[in-house]
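Every read-out reported here was derived from the displayed coordinates using simple, explicitly stated rules and does not represent laboratory data. This one's a predicted model, so the numbers in the text were calculated from it and none came from an experiment. Every residue, glycine as well, gets a Cβ built from its backbone with ideal geometry; the counts of neighbours run over all protein chains shown.
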Amino acid sequence: MSTDSLYQELVRLRETLENHNYNYYVLDNPSIPDAEYDRMFRRLQEIEQQQPEWQSAQSPSQRVGALARGHLPEVAHEVPMLSLDNAFNEDELTAFQQRVQERTGVTGDLQWCAEPKLDGLAVSLLYEQGQLVRGATRGDGYQGEDITANVKTIRAIPLSLRANEQGEFPERLEVRGEVFISLASFERMNEKALAQGSKLFANPRNAAAGSLRQLDSRITAERSLDFYAYAMGEVTPARQLDNDSHYARLEQLRAWGFPVSRETKRLTTNQACITYYRDLLARRDALPYEIDGVVFKLDAIALQEQLGFVARAPRWAVAQKFPAQEQLTWLRGVDFQVGRTGAITPVARLEPVEVGGVVVSNATLHNADEIERLGVRIGDRVTIRRAGDVIPQVVGVVVDERPANSSAVEFPSRCPVCDSAVERVAGEAVSRCTGGLFCGAQRKEAIKHFASRKALDVDGLGDKLVEMLVDRDWVQHPADLFKLNALQLASLPRMGQKSAENLVNALARSRKTTLARFLYSLGIREVGEATAQNLANYFGSLDALMAASEEQLQEVDDVGVIVAAHVHNFFREPHNQEVINMLTQGERAVYWPEVAPANAASLDLAGHTYVLTGTLEQMTRDEAKEQLQARGAKVAGSVSGKTTGVFAGANAGSKLTRAEQLGVPIYTEAELIKLLES
Ligand code: 9MJ
């Protein structure tokens, strides 16, 4: 290849890779598969290695990071980076709005720009001649740290500005915003740390901060950090700016290539701010990233300038905070819970405390390593965190307030339920009871799982009831459930004749199931609903699946070496074979309609991804999901450019809006039913 065409390839690769980042992070519309991105990235690195003189500080190859020496140098902010005043309730917000009203002299309604308040790390990004030349932390607002190499690894941050519609960008532009980590990336990070027995991050904010302020930016590169812009610092020359609206400036930033949160809205009344706050608070747990409140900024720049600043915060903006997700309380004791797979989890018993509107009296301590890392003792004052639908956790200890009579947490060496030995596999952080189904706790969990909604879905068989049945030895295996009779059940406390009969009927109904549900109900390690469905689709029958080799299992979608080994081993275990025989043979056997085996490609909806939103009338969303998956489709929780279509029921909200923005086809429930019946 001639040097000329090699250089052209390099230019094309750089452009395509950065365009992909723009499509992905700014437009939320991924244009190429990740594998293709990786392939082009490697090709770019290869060319730059061959021709070192072509390397450039703006090349996407810079996004892998490098080791810096010494420390992060200091950077002075020419325009100070301010913080925000807080409002802790609606009255404080109203008082703020009244002050602004008086100071500006505006009598009618004011216009506001409303933004989610991201909980990450504020950064400043400086572009000269359209190129990213410096990234800095906020520091104390006047002086921060130089983190240029680190911010370059964040794919949401453009390395070069895009020209706007007029083909322009400023000679010098400072952009401000928040570097944060999505909840999904945070959980992945902590799951990995938990499995390796290494340090957990207390919250996404710490994870983002710890990842960004690294001397080795290769570590930053591995952490999938994200970025949203929310302000401009210096802009020279100023002629490209809409000088009248903060909201319009954010749109301008988007045009120059910066991601801006889709939740950012222009509001035209003071009252609308309260509605915005309540709406976002209600949707807080459904957002893919953590926010700790909302920010209201006076939209008119002229009025912002008129009001100016006091101390370190603007007079024209306020952060209205959400209820805190962390609280202090006392650790009264630690119990050890045994899970379905025998994993032993230390559970903190707490002095009850309200966290984000819910009273918390138990929290997880994860495992022995985590107890050691926290250095926590019984009696300690501890920080509890409860966020989204994640189980509350102990994330910190106030050592200064440790009482004199505190005591050590002793991890048991024998199972607290069945007294079998507790074993910890080398290299794993979890300790497990070795009792298997001999252990009452594991049996209870296995039966709860068997009867749960996504498994055999036995209506009316709650956790407490399962515990009673196992404690009385009426049920030792899932198959024993089907032998229960109404007379016997009616003798249980808080169980009348009628509910006993209902339960027996529900059990009888649940015996008619699907192969996928049955597989899921067995509780094979690493086999969730989606994997169970893939296995059922691929093999069609239980016999074929049980006979499959590890290699054959690996042919199935999403089944790798580890899952294949778990499935294979499960069916080789004589005890499991016996349980399956008891369940599938005899008068009260579990049964399901036979389906033709198919490899994934021959299922008609394979390769399609759908999103279900709003309220469906003819079926639940879970039912629709199951039926779509049975035809090979994927059902996703959020809309992206890869979504085939969105099925929208009544009162569909942001997912519907998102689909409209992205031009993703939208279908009615009637069309969904037609598809499922076709
Ligand atoms: C956050 N943290 O999301 C500001 N912020 O504006 C938003 N922070 C801010 N705006 C001026 N959305 C100073 C800080």
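A few points about this structure:
- Counted by Cβ distance under 11 Å from A650, the other residues give a net charge of -2, where Lys and Arg count +1 and Asp and Glu count -1.
- In region 286-408, Cα pairs under 8 Å separated by at least six residues give a relative contact order of 20 percent.
- With Cα atoms, 0 to 90° folded angle of helix 34-50 axis to the chain main axis: 50 degrees
- Three-way shape call for region 55-205 based on the alpha-carbon gyration tensor, with the a/c threshold at 1.5: oblate
- A protection proxy built from the mean count of other Cβ atoms within 10 Å ranks the segments 311-320, 99-108, most packed first, as 311-320, 99-108.
- Footprinting exposure proxy ranking of Y7, Y538, fewest other C-beta atoms within 10 angstrom first, gives Y7, Y538.
- Per-residue ellipticity at 222 nm, computed for the chain from helices alone with -39500 (n - 2.57) per DSSP H run of at least four residues, works out to -10500 deg cm²/dmol.
- This ranking places R572, R162 by how few other beta-carbon atoms lie within 10 Å of each, fewest first, which gives R572, R162.
- Its relative contact order, with pairs defined as Cα atoms under 8 Å and 6+ residues apart, puts region 486-616 at 26 percent.
- Sequence ranges 381-390, 247-256, 276-285, ranked by mean other-Cβ count within 10 angstrom, highest first: 247-256, 381-390, 276-285
- Note on E78, E9: ascending count of other Cβ atoms within 10 Å places them as E78, E9, the fewest first.
- For the pair E74 and E9, the difference between a 0.36 nm per residue extended length and the Cα-Cα distance amounts to 19.6 nm.
- If you take all other residues with their beta carbon under 14 Å from the beta carbon of P259, and give Lys and Arg +1 and Asp and Glu -1, the sum is -2.
- By the Cβ distance rule (another cysteine Cβ under 4.7 Å), the unpaired cysteines of the chain are C113, C273.
- Pairs from the list K152/K199; K483/K625; K512/K674; K321/K625; K454/K655; K321/K655 with a Cα-Cα gap above 28 Å: K483/K625; K321/K625.
- Pairwise centroid distance, computed over Cα atoms, of region 85-132 with region 330-399, Å: 36 Å
- Angle in degrees between helix 246-255 and the longest Cα principal axis of the chain, rounded to the nearest 10: 80 degrees
- Against the main long axis of the alpha-carbon atoms of the chain, helix 497-510 sits at an angle near 80°.
- Order by protection proxy (mean Cβ within 10 Å, highest first), peptides 541-547, 136-142: 136-142, 541-547
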